[in-house]
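Quick notes on the structure that follows.
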Amino acid sequence: MALRLAGLAKLSQVGVRLQSTAAAPTTKLFINGQFVESKTKSWVDLHNPATNEVITRVPNSTQDEMQAAVDAAKEAYKTWSKTSILTRQQVMFKYQDIIRKNMKELAESVTVEQGKTLVDAEGDVLRGLQVVEHCCSITSLQLGESLNGIARDMDTHSYRTPLGVTAGIAPFNFPAMIPLWMYPTAIVCGNTFVMKPSERVPGACMMLVQMLKDAGCPDGVVNVIHGTHDSVNFICDNPDIKAISFVGSDQAGKYIYERGSKNGKRVQSNMGAKNHGVVMPDANKENTLNQLSGAAFGAAGQRCMALSTAVFVGEANNWLPELVERAKKLKVNAGHVPGTDIGPVISPQAKQRINGLIQSGVDEGAKLILDGRNLVVPGYEKGNFVGPTILTGVTPKMKCYTEEIFGPVLVCLSVDTLDEAINLINSNPYGNGTAIFTTNGATARKFTQEIDVGQVGVNVPIPVPLPMFSFTGSRGSFLGDCHFYGKMGINFYTDVKTVTQLWRESDVTHTQAAVAMPV
Ligand code: NAD
């Protein structure tokens, strides 16, 4: 399968194959503008989650290859950081156009490697593309400040400077969007970049860097290495890397934040979640049940903003049977099959873990009112499928509540009042996202004011902010102080330099130096 745009490499050239073969092709590294075969002896087999056939082999990059990527980024920084901001902006204009024209091909790669449906995969690409579009405003976003006449004949101005070589480490669940949360913002500010996509879904990222090259971005500005723990440690320890953007699980996020910070790097770390949706009895029932099932089961529950926990207040609890009927209607199948609502989960291990957490709920006294385990999809018998699952009567001490399930499982709790719902959510360690469904403005306002969660939706189940804002997950879901994309993303990838100048025409005739602090 070839990309539509002339000048872009075929998928196989960038190391992506959409069909399984006995001898799976390898995924290449991208160093100094070239797709390079790794010399490693250690490979990760990448399986199509719908079939479990091996579709590509991903290298654990060698130390030399990773160093070559950093060296290329360091060299490119010398010229890229001095390239005019208008030139960097032009690259982003071209880049957004190329991505938009190739969304379908990117989505196909996402579906085959990650499993999500084609429609959902296009959304994955679109949400990343919106960050690139926002980067086109860099001439406004990177404007500095100035104040004339701060003292006699003295002016001060401040402006944002790039950091140097920066790096990104991405998770499996958004193969296009999350790399695009990282390097476009970094490079448009004048940095260069070393990207490590998830070893489970590198294909979309490889296509995206080919497109970046085609948009005129010079060699070495963005480089891609692959791997697991060794590549992560390399990024955390390499003295030339000044900042790390991480998105993924708690375990990896805390580790990378600590190790990178200890080495003097700036780190932003987006981690796990347990997002609660509060259902008030005055909510619009049809809309709420649709939103709830879409947000809980869409993408097979593998979104960090999935609404995985429903809190029914008072009589809203009576809507559960209708929720089950809606969830039953969702079609589970391979992501590329038209009409599919829910694709497979990423791996057999993920499926086993999800099934284990469902069982733990049952063992601890929850009621399983919809069981998606043991689902077999005809034609895809070896796929990692889990159907929509609903547990009710869940309490905060149960393992299915305390752990992020990251599968198509909705855990349901019941409370009597809005205050109880707010207390419950504020007692949960995570702060990624939450939502309330209500038709009462005062209820909505009370919720938004009192809830201690970084991203709040009112009748919006997955309130992921667009890039003119930033992704503001909080508490246990985030480590660092500058969030991803938007103004905070620009702040993360830049330092502020403040220049104070004195230009006085008349000569100073004092013969004594002033030693007191100027006032
Ligand atoms: P993951 O932590 O397993 O992997 C993320 C990256 O870290 C990968 O590149 C991987 O190679 C590396 N890695 C994995 N384990 C590591 C370890 N022990 N030490 C060092 N590096 C390690 O995450 P995942 O399973 O790919 O993604 C799912 C998780 O990501 C979920 O917890 C989800 O909530 C979270 N996530 C969060 C956000 C957010 O913005 N808060 C967005 C998407 C996903």
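The values are calculated or read from the model by the stated rules, or taken from the named source; none is laboratory data. Nothing here was measured: the structure is a model prediction, and the numbers come from that model. When we count neighbours, we look across all protein chains shown, and the Cβ atoms used for this are built from the backbone with ideal geometry, even at glycine. All accessible areas refer to the heavy atoms of the entire protein, side chains included, with ligands and DNA or RNA removed. Shrake-Rupley method; radii C 1.70, N 1.55, O 1.52, S 1.80 Å.
When you scan segment 364-406, how many residues do you find that are of a type in the set (Ser, Thr, Tyr) and within 16 Å of the ligand (Cβ to nearest atom)?
Here the count works out to 2.
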Positions within segment 384-407 being open to solvent by less than 10 Å² (accessible area, probe 1.4 Å) and farther than 22 Å from Leu320 by Cα, in sequence order: Asn384, Phe385
Among the residues of segment 117-138, the number that are open to solvent by less than 10 Å² (accessible area, probe 1.4 Å) and not in a helix (DSSP H, G or I) is 0
Given the conditions (1) in contact (Cβ under 8 Å) with a residue 40 or more places away in the chain; (2) more than 17 Å from the chain's Cα centre (by Cα); (3) farther than 29 Å from Cys136 by Cβ, every one holds for Asn290 apart from (1)
Between a first residue in segment 188-201 that is within 18 Å of Lys78 (Cβ to Cβ) and open to solvent by 10 Å² or more (accessible area, probe 1.4 Å) and a second residue that is more than 7 Å from the ligand (Cβ to nearest atom) and not in a strand (DSSP E or B), which pairs have beta carbons less than 7 Å apart while being 6 or more apart in sequence or on different chains? none
Output the residues belonging to segment 415-451 that are open to solvent by 70 Å² or more (accessible area, probe 1.4 Å) and small (Gly, Ala, Ser). Ser427, Ala442
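Does Ser414 satisfy the condition of being touching a His at 6+ places or on another chain (Cβ under 7 Å) and among the hydroxyl-bearing types (Ser, Thr, Tyr)? Full working, then the answer.
Details: touching a His at 6+ places or on another chain (Cβ under 7 Å): no; among the hydroxyl-bearing types (Ser, Thr, Tyr): yes.
Spelling it out, it is not the case that Ser414 is touching a His at 6+ places or on another chain (Cβ under 7 Å) and among the hydroxyl-bearing types (Ser, Thr, Tyr).
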Restricted to segment 250-262 and to residues being within 7 Å of the ligand (Cβ to nearest atom) and surrounded by 16 or more Cβ atoms within 10 Å (Cβ to Cβ), the residue nearest to Val165 (Cα to Cα) is Ile256
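Mind telling me which of the residues Val132, Val110 ends up being under 18 Å from the mean Cα position of the chain (by Cα) and over 18 Å from Asn48 (Cβ atoms)? Please lay out each step first, then the result.
Numbers: Val110 fails: over 18 Å from Asn48 (Cβ atoms).
Unique residue meeting the criteria: Val132.
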Single unsatisfied condition, Met211 versus (1) aliphatic (A, V, I, L, M); (2) under 30 Å from Gln90 (Cα atoms); (3) within 11 Å of the ligand (Cβ to nearest atom): (3)
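Among the residues of segment 470-518 satisfying the criterion of being assigned to a helix (DSSP H, G or I) and within 16 Å of the ligand (Cβ to nearest atom), which is surrounded by the fewest Cβ atoms within 10 Å (Cβ to Cβ)? Explain how you work it out, then say what you get.
Keep residues of segment 470-518 that are assigned to a helix (DSSP H, G or I), which gives 486-492.
Applying the additional criterion that residues be within 16 Å of the ligand (Cβ to nearest atom) yields 486, 488-489, 492.
Details: Gly486: 21, Met488: 19, Gly489: 28, Phe492: 25.
Filtering segment 470-518 for residues that are assigned to a helix (DSSP H, G or I) and within 16 Å of the ligand (Cβ to nearest atom), the one surrounded by the fewest Cβ atoms within 10 Å (Cβ to Cβ) comes out as Met488.
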Of everything in segment 1-47, what is at pLDDT 95 or above and of a type in the set (A, V, I, L, M, F, W, C)? Give them in sequence order. Leu29, Phe30, Ile31, Phe35, Val36, Trp43, Val44, Leu46
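Considering only segment 408-440, how many residues are among the small types (Gly, Ala, Ser) and under 27 Å from Arg326 (Cα atoms)?
In the first step, residues of segment 408-440 are kept if they are among the small types (Gly, Ala, Ser); the result is 414, 421, 427, 431, 433, 435.
Then keep just the ones that are under 27 Å from Arg326 (Cα atoms); that gives 414, 421, 433, 435.
Total meeting the criteria: 4.
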All conditions in (1) within 16 Å of the ligand (Cβ to nearest atom); (2) in contact with a helix residue (DSSP H, G or I) (Cβ under 6 Å, 6 or more places away or on another chain); (3) under 27 Å from His47 (Cα atoms) are true of Val222 except (1)
